[in-house]
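K.L.:
The structure is given below, and queries will be raised subsequently.
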Amino acid sequence: QRFHILLIDDEPINRQVINNYLSSQHYQVTEASDGAQGLKTLDDEGPFDLVLLDIMMPRLSGYEVCETIRKSHGIKDLPVIFLTAKNQVTDLVQGFTVGGNDYLSKPVAKHELLSRVAIHLKLLDINRHLEHLVDQRTNQLLQAEKMASLGTLTAGVAHEINNPTNFVHVSVQNLEVDLTRLQKLI
């Protein structure tokens with residue numbers, strides 16, 4: 001149960017069938033029966049790795065839910081797959097316009113659902129891994145830059161300390177010469 005999926009659909013039978021499909025692949029599934037409950041569940045029971053979202057629901061449509069999700073979760077951070085009986089091109093375009101990542105027509109075919117879910121989760125996992133590598137490399141570069149700055153500072157301080165030390169050293173040598181002359185004179 002490495003990945004956590006939020007399933008938002010107002011039809012209990014659809015939720016049960018899809019939950020059975022996803023559970024067979026060992027995904028952790030949390031269900032919500034409408035858009036408002038889905039948004040609350042997203043905030044209260046997250047983090048989630050993917051959202052399966054019905055479009056035609058009472059009160060809040062899937063489009064409205066997706067728009068709200070996108071205000072706090074980027075398109076690459078939380079994939080949203082729309083589920084709907086509406087499969088016109090305009091519906092597809094609207095789904096992508098509000099921030100959906102993919103679109104499945106109902107009734108959902110098990111293998112198509114599992115394939116699309118798997119590919120979106122794999123892309124999510126790759127993206128997370130790359131972001132982790134970028135963060136690591138950025139930290140390494142920052143550390144190297146700090147060390148270089150510290151080296152420059154140390155060299156500057158050493159130079160500033162060395163100048164008066166050289167002055168004192170030369171002065172001491174001159175005093176020794178003068179003392180030797182004074183001893184000979186006395």
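The values are calculated or read from the model by the stated rules, or taken from the named source; none is laboratory data. None of these values were measured; they are calculated from a predicted model. SASA here: full protein model, heavy atoms, side chains in, ligands and nucleic acids out. Shrake-Rupley method; radii C 1.70, N 1.55, O 1.52, S 1.80 Å.
K.L.:
Could you sort Asp77, Asp10, Asp34 by their accessible area in this structure, using a 1.4 Å probe and putting the largest first? Could the numbers behind the result be given before it?
P.N.:
Details: Asp77 70, Asp10 45, Asp34 25 Å².
Correct descending sequence by accessible area is Asp77, Asp10, Asp34.
K.L.:
Continuing with this model, one more query. Excluding ligands, DNA and RNA, what is the solvent-accessible area per residue of the chain at a probe of 1.4 Å, expressed in Å²? Could the numbers behind the result be given before it?
P.N.:
Numbers: 11790 Å² over 186 residues.
The answer is 63 Å² per residue.
K.L.:
Please give the helix 110-185 orientation as an angle from the longest Cα principal axis of the chain, in degrees from 0 to 90, rounded to the nearest 10.
P.N.:
Computed tilt is about 10 degrees.
K.L.:
Run the reach check for Lys76 against aspartates and glutamates, Cα to Cα strictly under 14 Å, same-chain hits fewer than 8 apart removed. What comes back?
P.N.:
Straight-distance partners of Lys76: Asp49, Asp102, Asp125, Glu131.
K.L.:
Given that just one value was derived from the coordinates, which of [x] 30, 19, 15; [y] 81, 17, 11; [z] 72, 15, 13 is semi-axes √(5λ) of the Cα gyration tensor in Å?
P.N.:
From the options [x] 30, 19, 15; [y] 81, 17, 11; [z] 72, 15, 13, the structure gives [z].
K.L.:
Still on this model: Leaving out ligands, DNA and RNA, and with a 1.4 Å probe, what % of the accessible surface on the chain is carbon or sulfur? Walk me through the intermediate numbers first.
P.N.:
Numbers: 6900 of 11790 Å².
Heavy-atom surface of the chain belonging to carbon and sulfur, 1.4 Å probe: 59 percent.
K.L.:
Something else: On a 0 to 90° scale, report how tilted helix 35-45 is relative to the longest principal axis of the chain, with both axes built from alpha carbons and the result rounded to the nearest 10.
P.N.:
40 degrees
K.L.:
In degrees between 0 and 90, to the nearest 10, how far off the longest principal axis of the chain does helix 12-23 point, with axes built from Cα atoms?
P.N.:
50 degrees
K.L.:
Given region 84-186 reduced to its alpha-carbon atoms as identical point scatterers, what log10 I(q)/I(0) does the Debye formula return at q = 0.12, 0.15, 0.18, 0.19 Å⁻¹?
P.N.:
-0.74, -0.86, -0.99, -1.02
K.L.:
Hey, another quick one. A 20 angstrom limit on the alpha carbon distance is what I want to check against. Which of Lys86/Lys106; Lys40/Lys71; Lys86/Lys110; Lys71/Lys106 exceed it?
P.N.:
Values: Lys86/Lys106 8 Å; Lys40/Lys71 14 Å; Lys86/Lys110 18 Å; Lys71/Lys106 27 Å.
Violating the 20 Å Cα-Cα cut-off are Lys71/Lys106.
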